[in-house]
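Written out below as structure tokens is the structure these notes cover.
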């Protein structure tokens, strides 16, 4: 190969190294290609809804103030009336999910929001089974706020460390999928 031809070949290769990646990116952009690995199983609430309720007492008599919604993530279960079989299963799944978070266990708090018509004996029984669960009974205003931000048939809500309802999980969502989302969230989130 002669010297001028070798120089042209080097110039073409050098230009291809810089131009080819730009052409690939443009092609992906024009075909509207999206990677499939980043899918979340929850449904984002746009815009996130701030929790603006006054302080409430939980079943054990501790006050749960608006500031308590901050600095931690909250996985919230909402139910009206007595906790039926599916509600009990969801509370159990919340505990299992929480326990599976290992080093991130302190970043998530579990909350059960229910209405005033749940018998006190039932609340105390659930309190015995789940001692670290925050149970907010007679929280009608909070329940309405949560339900207004989601859709019908919501399994859990996710409240961010800024006190905003930012995501919900439909009833059909598996616990392992919620766990996958939370692990991913805790890996990339500096908050909470």
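The values are calculated or read from the model by the stated rules, or taken from the named source; none is laboratory data. What you see is a predicted model, and the numbers here were worked out from it, not measured in a lab. A quick note on method: Cβ atoms are made from the backbone with ideal geometry, for glycine too, and the neighbour counts reach across all protein chains shown.
Which of (1) modelled with pLDDT of 85 or more; (2) outside the structural domain of residue 153 (by TED's automatic domain parsing); (3) loosely packed, with under 10 Cβ neighbours inside 10 Å is the odd one out, the single condition residue 1 does not satisfy?
Going through the list (1) modelled with pLDDT of 85 or more; (2) outside the structural domain of residue 153 (by TED's automatic domain parsing); (3) loosely packed, with under 10 Cβ neighbours inside 10 Å, residue 1 breaks only (1).
Within region 77-86, is even one residue under 14 Å from residue 134 (Cβ atoms), in contact (Cβ under 8 Å) with a residue 40 or more places away in the chain, in contact with a helix residue (DSSP H, G or I) (Cβ under 8 Å, 6 or more places away or on another chain) and assigned by TED's automatic domain parsing to the domain that holds residue 174?
There is at least one residue in region 77-86 that is under 14 Å from residue 134 (Cβ atoms), in contact (Cβ under 8 Å) with a residue 40 or more places away in the chain, in contact with a helix residue (DSSP H, G or I) (Cβ under 8 Å, 6 or more places away or on another chain) and assigned by TED's automatic domain parsing to the domain that holds residue 174.
Of the residues that make up region 145-159, is at least one modelled with pLDDT of 80 or more, in a helix (DSSP H, G or I) and over 25 Å from residue 61 (Cα atoms)?
Within region 145-159 (the criterion being modelled with pLDDT of 80 or more, in a helix (DSSP H, G or I) and over 25 Å from residue 61 (Cα atoms)), the answer is no, since none of the residues qualifies.
Collect the residues in region 33-56 that are assigned to a strand (DSSP E or B) and touching a residue at least 12 places away in the same chain (Cβ under 8 Å), keeping them in residue-number order.
Once the filter is applied, which keeps residues that are assigned to a strand (DSSP E or B) and touching a residue at least 12 places away in the same chain (Cβ under 8 Å), region 33-56 yields 43, 44, 45, 48, 49, 50, 56.
Could you tell me whether residue 128 is within 13 Å of residue 175 (Cβ to Cβ) and not in a strand (DSSP E or B)? Reasoning before the result, please.
Values: within 13 Å of residue 175 (Cβ to Cβ): no; not in a strand (DSSP E or B): yes.
For residue 128, the condition - within 13 Å of residue 175 (Cβ to Cβ) and not in a strand (DSSP E or B) - is not met.
Given the conditions (1) in the same structural domain as residue 135 (by TED's automatic domain parsing); (2) farther than 16 Å from residue 157 by Cα, and given that residue 6 satisfies all but one, which numbered condition is not satisfied?
In the conditions (1) in the same structural domain as residue 135 (by TED's automatic domain parsing); (2) farther than 16 Å from residue 157 by Cα, residue 6 misses (1) alone.
Would you point out which residue out of 123, 97 is closer than 29 Å to residue 181 by Cα, surrounded by 10 or more Cβ atoms within 10 Å (Cβ to Cβ), touching a residue at least 24 places away in the same chain (Cβ under 8 Å) and assigned by TED's automatic domain parsing to the domain that holds residue 58?
Testing whether each residue is closer than 29 Å to residue 181 by Cα, surrounded by 10 or more Cβ atoms within 10 Å (Cβ to Cβ), touching a residue at least 24 places away in the same chain (Cβ under 8 Å) and assigned by TED's automatic domain parsing to the domain that holds residue 58 leaves just 97.
Filter region 168-181 down to residues that are out of contact with any strand residue (DSSP E or B) (no Cβ under 7 Å at 6 or more places or on another chain) and not in a loop (DSSP other than H, G, I, E, B) and give me whichever is surrounded by the fewest Cβ atoms within 10 Å (Cβ to Cβ).
Filtering region 168-181 down to residues out of contact with any strand residue (DSSP E or B) (no Cβ under 7 Å at 6 or more places or on another chain) leaves 172, 174-177, 179-181.
Now drop any that are not not in a loop (DSSP other than H, G, I, E, B), which leaves 175-177, 179-181.
On the way: 175: 18, 176: 11, 177: 15, 179: 17, 180: 14, 181: 18.
Filtering region 168-181 for residues that are out of contact with any strand residue (DSSP E or B) (no Cβ under 7 Å at 6 or more places or on another chain) and not in a loop (DSSP other than H, G, I, E, B), the one surrounded by the fewest Cβ atoms within 10 Å (Cβ to Cβ) comes out as 176.
If the Cβ limit is 7 Å and pairs must be 6+ apart or interchain, which residue in region 132-161 that is more than 21 Å from residue 176 (Cβ to Cβ) pairs with which residue that is at pLDDT below 70?
136/142; 137/116; 138/116; 140/116; 161/192
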